[in-house]
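Read the structure below first, then the notes.
The values are calculated or read from the model by the stated rules, or taken from the named source; none is laboratory data. Worth saying up front: this structure is predicted, and the values here are computed from it rather than measured. No Cβ is skipped: glycine too gets one built from the backbone with ideal geometry, and neighbour counts run over all protein chains shown. Please note that ligands, DNA and RNA were not included when accessible areas were found on the heavy atoms of the full protein model with its side chains. Shrake-Rupley method; radii C 1.70, N 1.55, O 1.52, S 1.80 Å.
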Amino acid sequence: QGQLVESGGGLVQPGGSLRLSCAASGIIFKLYDMGWYRQAPGKQRELVAKITSRGDTDYSASVKGRFTISRDNAKNTVNLRMNSLELEDTAVYYCNAKLVVTQYWGQGTQVTVSS
């Protein structure tokens, strides 16, 4: 059974930076497409960034140019570097692993952007 554990969330001022990490276990990590999603209060969960098993990346329009997703197949981790954070980036961030119809979710980590 796959397990994803996120870390790195916290409180940051507007314009600041954070780095989220997701550690995977119980899966053949290199085969999975990995993604970061977020859910703000009262809103639906949305895709923030994804990286395929081949290393191709894609970002939502709202974070493109500010966030960078990367993966380390040797360490079974996927990271999200978030720069120039805005108030609207406040949300619970979730790690996702997907292979065909199988997917796993982490428990989420809170990111709060506030002055």
Ranked from the most accessible area to the least, with a 1.4 Å probe and all protein chains present, what is the order of TRP36, TRP105?
-> TRP105, TRP36
Gain in length, GLN1 to GLU46, computed as 0.36 nm per residue apart minus the alpha-carbon separation, to one decimal in nm?
-> 13.7 nm
Of all the stretches in the chain, which is the longest one without any exposed loop site, taking trypsin sites (Lys or Arg not before Pro) in a DSSP loop (any state but H, G, I, E, B) with at most 16 other Cβ atoms within 10 Å?
-> 1-42
Probe 1.4 Å, all protein chains in place: accessible area of THR90 in Å², nearest 10?
-> 40 Å²
Hey, what do the phi angles of the range 31-41 turn into as Karplus ³J(HN,Hα) couplings, whole Hz, using 6.51/-1.76/1.60 and θ = phi - 60°, x for Gly and Pro?
-> 8, 8, 6, 10, x, 10, 10, 9, 9, 8, x
Those GluC sites (Glu not before Pro) in the range 24-115 that DSSP places in a loop and that have at most 15 other beta carbons within 10 Å = GLU86
Projected onto the charge dipole of the chain (+1 at Lys/Arg Cβ, -1 at Asp/Glu Cβ, origin at the Cα centre), which of GLY42, VAL113, PHE29 gives the Cα projection farthest towards the positive end?
-> PHE29
Express the C-alpha Rg of the chain as a ratio against the empirical globular expectation 2.2 N^0.38 Å, rounded to two decimals.
-> 1.00
For LYS30, counting only lysines whose alpha-carbon sits under 30 Å away and dropping same-chain residues fewer than eight positions off, the answer is LYS50, LYS64, LYS75, LYS98
Ignoring ligands and nucleic acids, what accessible area does ILE51 show with a 1.4 Å probe (Å², nearest 10)?
-> 10 Å²
Accessible-area order (highest first, 1.4 angstrom probe) of the listed residues SER60, SER70 | SER70, SER60
Thinking of the range 59-105 as a set of Cα atoms, what percent of all their pairs are more than 18 Å apart?
-> 41 percent
Env charge @ ASN79, Cβ radius under 14 Å, K,R +1 / D,E -1, value +3
Proximal charge balance of GLY16 [Cβ under 15 Å; K/R count +1, D/E count -1] | 0
Considering every Cα-Cα pair within the range 1-60, what fraction, in whole percent, is farther apart than 13 Å?
-> 72 percent
